[in-house]
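Q: Sharing a structure, written as structure tokens. Questions coming.
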Amino acid sequence: MTDCNAPPQLWLAEPHNLTSFILSLIALHLPNWKYIHLRSTFKPAVLAEDQPMDPLIRGEVDKYIEILYRRGDTHSFGLVTHCIVDGECGQNYLPTFPEKNYGLCHHINYHRQCIFSNLFILNNNTKCTCQAPSYAKIIHTFLILLISLELFFIFITSLRLTRQHCHTFCLNDSLLRLFSLLSLLSSIIFLIIILVQYNSNRLLEPLEFFDSMRQHYSRIQIYTFTKDLDLIIQQIENSLDIHIGASYVCILIVLVLIILSLFTSVTVEMKISSTSSSLTINDEEEKRPNLILIQPTPAERFVPSEQIRFVRQTKV
């Protein structure tokens, strides 16, 4: 019969694992990775007094502020959800179309329809489609993988804690520690990818409309419009207030908990001690009393005198 005394560090890893698993599920389903709103003081400026902004670009800016991102409105973004706080909610979708359909598909109303309308068509045969941003798909995929690894790590930790009950089948603790190490390191890598993707695309949704315009006019070499759009994008970016949401905070906490689990579980080695009644030879020798063995000397043999015979010597 075996007995496994789990160190207290390993017992502490179990609540860390459960907490990180729950927080990952919350981050996956909450629609608030970030909050963005355009300041009410935003006003597009001209390049110079002798070089005013083109009326076409200025008209797009006015429609952008009136329809898509009204001043003072706070927009909440999730991986699949886009909401206006205290207002309507929709999908975190953006218009997607080939360059040849730019004139047909790129306008404010269609941009808003992709977000807040349930009537848009997601058919590859249509000229204009609505799809989730690529970074949101990447984060969603790696978050699913992270949750799977957390479940696997919970199973491994539970197996290590209950090894004293596995009389017939008991995996080597070194092998379990290796599995834990691989799962935790993979989880940390996934979390880093998620954080990098989020921070690299914080302004994607509010700037996508003008950024696609800039790319279009740059390809067709209308550099006056491109220069105006560079200025507009910079002004909007400076006028946006961005706040992290609860989902992002959950991911940061999960990263801290997984790092703690790395030190509290993987670095701990489980010791299994024998409690059977049989003793080893060395233990028996140590516990055997040191006895002084006194062997009796052979008793002296007395021979009667009448039995003594002398050898006769012949004198020459």
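The values are calculated or read from the model by the stated rules, or taken from the named source; none is laboratory data. Quick caveat: nothing in here was measured; it's all calculated off a predicted structure. As a convention, Cβ positions derive from the backbone with ideal geometry for all residues, glycine included, and neighbour counts pool all protein chains shown.
Here's the yes/no breakdown for (1) within 30 Å of ILE147 (Cα to Cα); (2) at pLDDT 90 or above:
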{"site": "LEU12", "(1), (2)": "yes, no"}
{"site": "ASP50", "(1), (2)": "no, no"}
{"site": "GLY72", "(1), (2)": "no, no"}
{"site": "GLY87", "(1), (2)": "no, no"}
{"site": "LEU94", "(1), (2)": "yes, yes"}
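Q: So ILE232 fits all but one of (1) under 30 Å from THR162 (Cα atoms); (2) among the hydrophobic types (A, V, I, L, M, F, W, C); (3) in contact with a helix residue (DSSP H, G or I) (Cβ under 6 Å, 6 or more places away or on another chain); (4) at pLDDT 90 or above; what number is the exception?
A: (1)
Q: Considering (1) surrounded by 18 or more Cβ atoms within 10 Å (Cβ to Cβ); (2) at pLDDT 95 or above, say which one MET213 fails and leave the rest.
A: Every condition holds for MET213 apart from (2).
Q: For a quick check of your reading of the model, give me the residue pairs whose first member lies in segment 89-105 and is free of Cβ contacts under 8 Å to residues at least 24 places away in the same chain, whose second is surrounded by 14 or more Cβ atoms within 10 Å (Cβ to Cβ) and part of a strand (DSSP E or B), with beta-carbon atoms closer than 8 Å and at least 6 apart or on different chains.
A: Close Cβ pairs satisfying both conditions: CYS105/PRO95.
Q: Let me ask another. Looking only at segment 189-241, which residues are within 23 Å of the chain's Cα centre (by Cα) and either under 26 Å from MET53 (Cβ atoms) or not in a helix (DSSP H, G or I) (or both)?
A: Matches in segment 189-241: ASN201, ARG202, LEU203, LEU204.
Q: Here is a follow-up. Output the residues belonging to segment 88-107 that are buried (at least 16 other Cβ atoms within 10 Å of the Cβ) and in a helix (DSSP H, G or I).
A: Across segment 88-107, the qualifying residues are TYR102, CYS105.
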